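Q: I am attaching a structure below and will ask some questions about it afterwards.
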Amino acid sequence: MKKYIFYLLLVLVWASCEKEDALESKVDYFNLYTITDNPNDSVQHLRYEIYKEYGIPVYFTDTVGKYPLAVNIYGDTIYEYELLDLNWEFTNSAEEDRTIEYDFLDDDTKKYNSLLFVKKFIENSAPSLRPLSMMVVDSLMVIGGNGGQGWEKELHNFRTIVWADIATMTEEEQDALIDETCKNLVGEKIQNYTYEITQFQMVSDQYYGNRYATPLPYPANCITDVVDENNPFAYLSTWFGQNYVIWVYDYGYSHEEAIAEINNMRASYCAITGAWGFVYGYGILASYQAPNADDDLDCYLERILSDNSAAWFEKYYSNYPLVMKKYEILYDLIVNEMGVKLNNGEEE
């Protein structure tokens, strides 16, 4: 009897293995994204070097590869193609009202220079911001969606970044594009850290959308404009420059006295926003009403991702515990969890 049970178990195990084999996919999608080397082709070799070092495949077309799917009645192999879908999102497959058009690169020099830009982007971005793959094209136009139509230098989704017309950009233009893209990626990928975002929003939760007891006396650029207080006449078109002229020429104040009065004006702005844990707000009601949770996060991210943000928070909000608590939550998340380097001097 025991012998029969043993053989029965063997049959069941064999059958279950056969069933698993039948369900197993015969296509190794990962291999489709593997970049191979060609030392005699400088473009292909650089693609391989980028893939070898960072694990990110870079393409010059939207076709990743193909694999045999079936054989028709005539004996011809039918292939399935793996494509880069620029409309693909994590929660849905496409924006129905958006069309993306692009032209492929056909010049090896442009391809090589574009790959150098891609490598530069990877080296200057945290691993948490890097996509699964990238594509480089000659031109890129987005039609519909949230706007009309326009030429774009960069477009990304959950899986892919596509770069356009980057081969002839100057160093300054490249750096600006990389910086802007990284900031956008931080703002999107930070949404995955739901616990930390909840902790951030709980600090000011009771104040979101409330009307200030006293309207904000000045626009937000009283503290957001980047100015050199030792060179006021270079900023005559700004809030700072205009008020400096009033204090010096209308009231006869010295430079030091004018700067002190301007900082008092700034302090009166921060006293209202800082008491509730806000730095500033968006929209036409920003002077009267506290921001909502989403705008609040955007304001903090905008400021934290700006140059010398640590000094900015120290100057304007070091005496406001709610602001500093929220700043520390996001700073720790961005720097220590996401691994993003901020341009605060000491982090470089």
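Q: Go through (1) touching a Lys or Arg at 6+ places or on another chain (Cβ under 8 Å); (2) crowded, with 18+ Cβ neighbours inside 10 Å one by one and return the number of the condition residue 144 breaks.
A: Only one criterion is unmet by residue 144, namely (2).
Q: Residues being within 30 Å of residue 195 (Cβ to Cβ) and open to solvent by less than 50 Å² (accessible area, probe 1.4 Å): count how many of those fall in segment 277-305.
A: Residues in segment 277-305 being within 30 Å of residue 195 (Cβ to Cβ) and open to solvent by less than 50 Å² (accessible area, probe 1.4 Å): 18 in total.
Q: Condition first: more than 25 Å from residue 127 (Cβ to Cβ) and at pLDDT 95 or above. Can you find one or more residues in segment 67-86 that meet it?
A: No, there is no match, as no residue in segment 67-86 is more than 25 Å from residue 127 (Cβ to Cβ) and at pLDDT 95 or above.
Q: So, in segment 237-250, how many residues would count as being assigned to a loop (DSSP other than H, G, I, E, B) and either open to solvent by 30 Å² or more (accessible area, probe 1.4 Å) or of a type outside the set (S, T, N, Q) (or both)?
A: 1
Q: Spot the failing condition for residue 253; the list is (1) in a loop (DSSP other than H, G, I, E, B); (2) more than 18 Å from residue 216 (Cα to Cα); (3) under 31 Å from the mean Cα position of the chain (by Cα), and only one is missed.
A: (3)
Q: Tell me, yes or no, whether segment 91-111 has at least one residue that is surrounded by fewer than 19 Cβ atoms within 10 Å (Cβ to Cβ), under 26 Å from residue 334 (Cβ atoms) and modelled with pLDDT under 95.
A: yes
Q: What number of residues within segment 175-195 are over 16 Å from the mean Cα position of the chain (by Cα) and open to solvent by less than 50 Å² (accessible area, probe 1.4 Å)?
A: 0
Q: What do you reckon, is residue 213 of a type in the set (A, V, I, L, M), over 30 Å from residue 57 (Cα atoms), open to solvent by 60 Å² or more (accessible area, probe 1.4 Å) and not in a strand (DSSP E or B)?
A: Spelling it out, residue 213 is indeed of a type in the set (A, V, I, L, M), over 30 Å from residue 57 (Cα atoms), open to solvent by 60 Å² or more (accessible area, probe 1.4 Å) and not in a strand (DSSP E or B).
Listed here are the residues, each with its yes/no results for (1) open to solvent by 30 Å² or more (accessible area, probe 1.4 Å); (2) within 21 Å of the chain's Cα centre (by Cα); (3) under 22 Å from residue 279 (Cα atoms).
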{"residue": "201", "(1), (2), (3)": "yes, yes, yes"}
{"residue": "235", "(1), (2), (3)": "yes, no, no"}
{"residue": "262", "(1), (2), (3)": "no, no, yes"}
{"residue": "265", "(1), (2), (3)": "no, no, yes"}
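Q: With a cut-off of at least 2 residues that are in contact with a Gly (Cβ under 9 Å, 6 or more places away or on another chain), name the strands (runs of 3 or more DSSP E) lying wholly within segment 116-203. Break it down into steps so the answer makes sense when it comes.
A: On the way: elements: 133-137, 139-144, 149-151, 154-156, 160-164.
Answer list for segment 116-203: 139-144.
Q: In segment 112-141, how many residues are open to solvent by 40 Å² or more (accessible area, probe 1.4 Å), modelled with pLDDT of 95 or more and out of contact with any helix residue (DSSP H, G or I) (no Cβ under 8 Å at 6 or more places or on another chain)?
A: 3
The values are calculated or read from the model by the stated rules, or taken from the named source; none is laboratory data. Predicted model only: the values in this text are computed from it and were never measured. With ideal geometry, Cβ positions are generated from the backbone for all residues, glycine too; neighbour counts draw on all protein chains shown. In case anyone asks, the SASA skips ligands and DNA or RNA and just uses the protein heavy atoms, side chains included. Shrake-Rupley method; radii C 1.70, N 1.55, O 1.52, S 1.80 Å.
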